[in-house]
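Shown next, in structure tokens, is the structure this report addresses.
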Amino acid sequence: MSARPDKETRAAAKDRITELKKVRDQAHEDAEKAKAAADEAMWKSIAAELDAGNALQLDVVDATGFSRDHVLRRTKPYRQN
């Protein structure tokens with residue numbers, strides 16, 4: 001069995017672990033931002049397809065697997081018509 005680490009060793013390790021957690025948290029935040037941006041881009045583009053008359057809401061449902069209600073709620077802020 002190894003000896004317990006001294007106070008300084010533990011403090012240094014805690015500092016490294018704190019930094020690791022910060023890096024991880026930032027990566028998670030960046031991933032969430034990227035996900036939100038991708039969602040917004042998709043729903044804006046779908047809204048544009050609907051507004052242009054290129055597709056019906058049913059087509060979006062078939063292509064995405066989302067419910068009609070979900071498609072309506074997610075595209076509504078971006079619709080022009």
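Over the chain, DSSP H runs of length four or greater, each weighted -39,500 (n - 2.57), average out per residue to a 222 nm ellipticity of -26000 deg cm²/dmol. Taking 7 Å steps out from each Cα toward its Cβ at D39 and A12 produces label points 4.4 nm apart. For the chain, the longest principal axis of the Cα atoms and the long axis of helix 7-51 meet at an angle of about 0 degrees.
Counting only protein heavy atoms and a 1.4 Å probe, the chain has 83 square angstrom of accessible area per residue.
Heavy-atom surface analysis with a 1.4 Å probe gives the chain a carbon and sulfur content of 55 percent of its accessible area. Here the relative contact order of the chain, from alpha carbon pairs under 8 Å that lie six or more residues apart, stands at 27 percent.
Size descriptors for the chain, from the alpha-carbon set: Rg then Dmax equal 23.7, 73 Å.
The values are calculated or read from the model by the stated rules, or taken from the named source; none is laboratory data. If you're wondering where the values come from, they're calculated on a predicted model, not measured in any experiment. Quick reminder, even Gly has a Cβ in these numbers, built from the backbone with ideal geometry, and neighbours come from all protein chains shown. Areas reflect the complete protein model, heavy atoms only, side chains present, ligands, DNA and RNA absent. Shrake-Rupley method; radii C 1.70, N 1.55, O 1.52, S 1.80 Å.
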